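Readers should treat all values here as calculations from the given coordinates under stated rules, not as data from a laboratory. Since we're looking at a predicted model, the values are computed, not measured.
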Amino acid sequence: MSGTATPRQDDSPATALGPVALFLGLVAATGAWPALMAATLPWSVMAGGLAVTFGATGIHYARQGIGRMWTAVTGTTLGAVGLAGVYTLIGFA
């Protein structure tokens with residue numbers, strides 16, 4: 001066997017935090033759109049909070065060289081925008 005079975009930093013589960021935060025941030029951002037808010041409200045609130053949490057953790061690990069910074073930052077930003085949008089739309093209703 002020419003391959004090695006030793007785990008590397010790339011094999012860490014922390015590499016998935018950024019992409020998961022990005023996906024959840026996209027789900028949360030759809031709730032900020034007024035036409036889609038009624039259909040996605042419960043999902044947007046949950047996804048927004050999880051996107052911010054996973055994104056912040058992904059940023060922490062990306063600073064250590066595990067995972068990608070842009071996916072974690074984008075997911076965190078979209079999650080925060082989604083949460084702010086939902087709470088703003090609910091406040092004006």
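When every alpha-carbon pair in the range 22-93 is counted, what percent end up more than 14 Å apart?
Within the range 22-93, distances greater than 14 Å cover 52 percent of Cα pairs.
Taking 1 over the mean of 1/r across every pair of different Cα atoms in the range 51-93, what Kirkwood radius in Å do you get?
Working: mean 1/r = 0.0924 Å⁻¹.
Taking every pair of different Cα atoms in the range 51-93, averaging 1/r and inverting gives 10.8 Å.
Using Cα pairs closer than 8 Å and at least 6 residues apart in sequence, work out the relative contact order for the chain, in percent.
39 percent
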